[in-house]
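Presented below is the structure to which this report refers.
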Amino acid sequence: VDAFQAWCGPCKAVVDLFRKIRNEVSSDLLHFAVAEVDSIDALEKYRGKCEPVFLFYAGGELVAVVRGANAPLLQKTILEQL
């Protein structure tokens, strides 16, 4: 989940990376979403920062967090979690 604030917008810089990974792994387990933290109370702790935050969930549980648009770290985390 790309957790963002309305004044910053979702991280467009990693959309291509997500598409590439999704095409490469062809896994039904992998889903990408965006969430505006200003309108979701459960994501309140991610407000007030001007960096993208990527939340990784498995089985409904938060399993990893990556702060910033660090493409190599995002790719590594995605592949590790799969």
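The values are calculated or read from the model by the stated rules, or taken from the named source; none is laboratory data. Note that the structure is a prediction, hence the values are computed from the model and not measured. Positions of Cβ are backbone-derived with ideal geometry, glycine not excepted, and every protein chain shown enters the neighbour counts. Keep in mind that these areas ignore ligands, DNA and RNA; they rest on the heavy atoms of the full protein, side chains included. Shrake-Rupley method; radii C 1.70, N 1.55, O 1.52, S 1.80 Å.
With bins 10 Å wide beginning at 0, the percent of Cα pairs of the chain falling in each bin runs 17, 54, 27, 2. Rolling a 1.4 angstrom probe over the protein heavy atoms with all chains in place gives the chain an accessible area of 64 Å² per residue. Largest accessible area first, the residues 34, 25 order themselves as 34, 25 under a 1.4 Å probe with ligands, DNA and RNA left out. Helix 71-81 axis versus longest C-alpha principal axis of the chain: approximately 70°, rounded to the nearest ten. Karplus-derived 3J(HN,Hα) values for segment 22-30, using 6.51 cos²θ - 1.76 cosθ + 1.60 with θ = phi - 60°, are 4, 5, 6, 8, 6, 10, 6, 7, 9 Hz; glycine and proline are entered as x. So for the chain, taking the charge dipole from beta-carbon charges (+1 Lys/Arg, -1 Asp/Glu), which of 48, 27, 74 sits furthest toward the positive end? Ranked along the dipole, the leading option is 74.
Of the trypsin sites (Lys or Arg not before Pro) in segment 39-71, the ones in a loop by DSSP (not H, G, I, E or B) with at most 13 other beta carbons within 10 Å are 47.
Once you reduce segment 40-73 and segment 10-39 to the center of their Cα atoms, the two points are 12 Å from each other. Amide H contacts under 5 Å for residue 57: 63, restricted to partners 5 or more places along the chain or on a different chain, H placed in the peptide plane at 1.01 Å from N. Across the accessible surface of the chain, with the other protein chains kept in place and a 1.4 Å probe, carbon and sulfur atoms take up 52 percent.
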